[in-house]
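Take a look at the structure set out below.
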Amino acid sequence: MAMLGRIVAQFAAGGLTPRTVQSSKMSEFLGKEENSEIAADVLRWMVEEGLIRADVIHKDVMQGDFAVYGAQLTSKGVAVLKSKTETGDTIERQIRRIVSETASMRYLSWDCGLLQRAL
């Protein structure tokens, strides 16, 4: 769930700008060391659940890599960001506040349980 939260935060920070994300290069995307197998599972789940869409989806079964090219949050993904938390705040506002406090996405660490409840 923590990686899911960091990926969604990266997409939110970029607005609707299309992004390329590869599970084998997730550390570059998030700015911290990540397990590429877990990253592949998270990206695959995000696509299957309709949180992100992509122009091209590449699955390398032999290498275990999963990549999305031209990926953006879908309206469902944006709706998750706009959903209210128990405190009445939105997930998007919480992400923005934490990002401004840390001044860098690579140090982002927030309560991913909020994202889980929104889904």
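(1) modelled with pLDDT under 85; (2) open to solvent by less than 60 Å² (accessible area, probe 1.4 Å): which one isn't true of Phe11, the others all being true?
The failed condition is (1).
Can you report the number of residues in the stretch 48-73 which are surrounded by fewer than 18 Cβ atoms within 10 Å (Cβ to Cβ) and either of a type in the set (Val, Ile, Thr) or within 13 Å of the chain's Cα centre (by Cα) (or both)?
5
Just give me the residues in the stretch 14-47 being surrounded by 13 or more Cβ atoms within 10 Å (Cβ to Cβ), of a type in the set (Val, Ile, Thr) and under 15 Å from Tyr69 (Cβ atoms), in sequence order.
Thr20, Val21, Val47
Among the numbered criteria (1) open to solvent by 50 Å² or more (accessible area, probe 1.4 Å); (2) modelled with pLDDT under 75, which single criterion is violated by Ser104?
(1)
The values are calculated or read from the model by the stated rules, or taken from the named source; none is laboratory data. Since the model is a prediction, treat every value here as computed from it, not as a measurement. For neighbour counting, all protein chains shown are included, and Cβ atoms are generated from backbone atoms with ideal geometry for every residue, glycine included. In case anyone asks, the SASA skips ligands and DNA or RNA and just uses the protein heavy atoms, side chains included. Shrake-Rupley method; radii C 1.70, N 1.55, O 1.52, S 1.80 Å.
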